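The values are calculated or read from the model by the stated rules, or taken from the named source; none is laboratory data. Computed from a prediction, not measured in an experiment: that's the story for all the values here. Cβ atoms come from the backbone with ideal geometry, glycine included; neighbour counts cover every protein chain shown. Each accessible area value is taken on the protein alone, full model and side chains, heavy atoms only, with ligands, DNA and RNA left out. Shrake-Rupley method; radii C 1.70, N 1.55, O 1.52, S 1.80 Å.
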Amino acid sequence: MFGITWLTAFVCEFLSTRIGFPFGDYFYTGSTVGEELYISNIPFMDSLSFTFLLYASYCLALWFILPIHYSPQSKGKHLLLRGMLSWPVIGLTCLFFMFIDIVIDPVALQGGRWFLGQIYGYPDPGVYFGVPLANFIGWFIVGLIAMVGYRAVDQCPGILPPLAETMPVREILWGCGLYYSVLLFNLFVTFWIGEDLMGMAGCLIYLPITVLASLKLAGRLPVSDLMPRERGAGLH
């Protein structure tokens, strides 16, 4: 999953900085040349960030969709590993992946006002706090390509090892925690630099998501076990 996601992100960034697809037309300023690794004109750490953000989005999607199994034999709460790479999981993963960028990209664009620095920009400022809507669509596309590629590898016999029938809830929650750590950090910086409207927009996006995720954690969100069992399972 790491390799597929990084390669997809790098190729898409390489193309977008030249032909404007799929993120729209943007450029890297090169302000950190000599301070960090670049591959062509793309900062390696930038393309690398797609990998752990997609993984965290995947964990959050699994948390919402997979049913929780309560059994004395399982020694605590476990998630049933059915349909871990089903189309509902892939679709929700891509949405969460896009949503996190709706919070990250506007404040990153203001990097000159905090310690990130002005590492990139857009020739034509977009409608969402300076970010073009095409950028968010591009994140969805990257997530979709990477997840479909991962699903294809997972369904090839003998490539990835099989998983158990269940997984402890805490293992998925670590990934969800990573997702919310990134989210809260970016919201904190947004308010810290005085972009209150931008911060409130991010909070409104995540309010219903957080409420539903908390209800499931508290055991108050009914989840029907409708996910199909698939060969292979993901999260290797």
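When PRO88, PRO161, PRO125 are checked against the criterion of being without any contact (Cβ under 8 Å) to a residue 12 or more places away in the chain, of a type outside the set (A, V, I, L, M, F, W, C) and either open to solvent by 30 Å² or more (accessible area, probe 1.4 Å) or touching a Cys at 6+ places or on another chain (Cβ under 8 Å) (or both), a single residue qualifies: PRO125. Annotation: of all residues in region 34-68 being under 13 Å from the mean Cα position of the chain (by Cα) and open to solvent by 60 Å² or more (accessible area, probe 1.4 Å), the one that is farthest from MET1 (Cα to Cα) is PHE52. The helices (runs of 4 or more DSSP H) located wholly in region 118-236 that include 1 or more residues which are at pLDDT 95 or above and over 28 Å from SER16 (Cβ atoms) occupy 169-192, 196-217. Within region 64-113, the set of residues being β-branched (Val, Ile, Thr) and over 18 Å from LEU184 (Cα atoms) comprises ILE65, ILE68, VAL89, ILE90, THR93.
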